1. How many angstrom lie between the Cα centre of the range 42-92 and the Cα centre of the range 375-434?
2. 5 Å is the cut-off here: which amide hydrogens, built 1.01 Å from N in the peptide plane, fall below it relative to Ser152, excluding neighbours closer than 5 in sequence?
3. Roughly how many Å is it from the Cα centre of the range 211-279 to that of the range 356-370, as a whole number?
4. Can you tell me what share of the DSSP beta bridges in the chain is antiparallel? A percent to the nearest 5 is fine.
5. Based on the mean of other Cβ atoms within 10 Å per residue, sort peptides 355-362, 34-41 so the most packed one is first.
6. Over all pairs of distinct alpha carbons, what does the Kirkwood formula give as the hydrodynamic radius of the range 54-136, in Å?
7. Give the relative contact order (percent, whole number) for the chain; include only Cα pairs under 8 Å separated by 6+ residues.
8. Note the angle between two axes, namely the Cα long axis of helix 128-145 and the longest principal axis of the Cα atoms of the chain, as a number of degrees from 0 to 90, rounded to the nearest 10.
Amino acid sequence: MSMTLRRLSRAATAGLVAAAALTAAAHSAEAADTLGSAAAGQGRYFGTAVAASHLGEADYTATLDREFSSVTPENEMKWDATEPSRGTFTFTSADRIVDHAQSQGMDVRGHTLVWHSQLPSWVGSLGASDLRTAMKDHINGLMGHYKGEIHSWDVVNEAFQDGGSGARRSSPFQDKLGDGFIEEAFRTARAADPAAKLCYNDYNTDGVNAKSNAVYNMVKDFKSRGVPIDCVGFQSHFNSNSPVPSDYRQNLQRFADLGVDVQITELDIEGSGSAQAADYTKVVEACLAVDRCAGMTVWGVTDKYSWRSSGTPLLFDGNYQEKPAYDAVLSALGGSGDPGDPGDPGDPGDGTASCTATYTRTADWNSGYNGQVTITAGDEPISTWTVTVTLPAQQSVSSLWNGTPTWNGNVMTVKPSWNGTLAAGASTGFGFTAAKNGSDAAPTVGTCTAS
Ligand code: 9MR
């Protein structure tokens with residue numbers, strides 16, 4: 001099919017797609033919730049990255065279609081996939097994903113227009129003026145093809161360096177066009193598809209740090225000068241070296257306060273069991289606590305196809321079974337599970353209030369650390385909880401938040417401050433800062449009791 005015809009037919013179906021999405025969001029009260037329906041109940045989308053090559057696998061597609069309300073093509077819209085040689089656009093794989101999503105009433109995130117990676121070599125060999133033209137042509141080519149069909153585009157991806165400098169990353173765009181390439185990309189994108197939200201997307205910007213400060217300053221500058229930007233994407237790839245930051249919500253909120261939406265765009269958290277579940281809960285709760293957090297996308301359907309497969313970072317295992325992290329996310333979204341599935345949140349319980357407590361160290365420095373204790377209600381709602389934390393003898397706690405401590409030697413007993421009431425399966429937590437005073441040992445968390 002010629003590109004012109006393809007564009008016309010894509011645009012003509014867009015109205016039908018919007019209607020289908022509304023129907024999908026209105027879930028039935030009797031059926032178990034799904035990630036997408038529970039998130040819709042909170043006014044958010046819940047998406048996943050999708051690979052076109054897996055759409056023929058029945059379990060993959062069944063899980064995708066049942067659970068998710070938005071998809072992001074994992075690789076199929078990148079420059080190397082869509083314009084491998086100058087001026088020749090190929091949309092076959094990306095169209096397959098978009099068509100599938102639309103047939104299921106799902107929204108689509110566009111990922112990504114201008115990025116230093118997965119960039120064909122011809123782009124890097126252009127001189128500045130040609131490169132500028134090629135960048136604009138690429139944006140116009142992709143956004144034109146999908147005009148009216150993409151809820152948010154990652155216009156520029158990963159343009160800042162890691163580490164403490166807050167500097168821009170070297171790339172053909174940065175090196176030849178200078179800082180202004182980002183602004184030029186956003187201005188071009190706005191004209192190409194005025195209905196799409198235009199996002200800047202990056203990683204290691206999830207907490208307040210030098211890199212996120214640099215992005216923050218860019219967004220602030222764009223807003224003050226009228227450069228079109230609507231959203232910031234926080235990739236949120238977490239593991240033990242890069243845990244969910246304790247100031248995640250605060251960071252999302254400061255961006256929202258600049259007048260942009262925030263989106264969690266590539267969420268995955270390495271780990272397993274209740275610790276992984278508790279981390280997922282933190283992320284969902286942070287998004288729900290920020291009005292302008294429009295939605296969340298996990299970076300894949302199943303652990304077996306994750307880019308970090310050995311870290312089992314997703315919500316479904318390699319056999320498409322729901323993991324504890326799935327139950328935790330569904331519960332944090334206010335959803336209830338299938339009454340036949342004993343592990344699911346919202347199942348009828350035995351009438352006994354209960355809770356569990358898990359501990360993670362969320363920050364660490366020479367003389368001290370931050371600890372976070374996550375409290376999760378059992379299969380009945382609870383109105384209060386109590387948990388004891390025993391610190392190594394040398395250590396002392398200098399501050400504690402979201403909880404009320406009383407002390408007996410080195411044992412602190414913590415009760416809620418404002419956060420005692422929890423729905424069945426829901427989580428909250430408290431954090432504290434401790435001085436090591438020569439001991440790096442972890443505290444011991446005792447039994448959680450609830451009523
Ligand atoms: O998940 C993607 C993987 O299949 C690709 O091989 C990789 C190539 O760079 O890109 C992965 O997705 C990345 C995303 O596009 C941008 N943020 C980081 C993601 C994980 O590397």
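Any read-out appearing in this document is the output of simple, stated calculations on the displayed coordinates, not a laboratory observation. Keep in mind that what you see is a predicted model, and the values were worked out from it rather than measured. Counting neighbours? That spans all protein chains shown, and the Cβs are built from the backbone with ideal geometry, glycine included.
1. About 41 Å separates the Cα centre of the range 42-92 from the one of the range 375-434.
2. Those lying under 5 Å, H to H, from Ser152 are Gly110, Lys197.
3. Value for the Cα centre distance between the two parts: 21 Å.
4. Counting only bridges with both partners in the chain, antiparallel ones make up about 55 percent.
5. 34-41, 355-362
6. Result for the range 54-136 stands at 14.2 Å.
7. 12 percent
8. The angle comes out at about 80 degrees.
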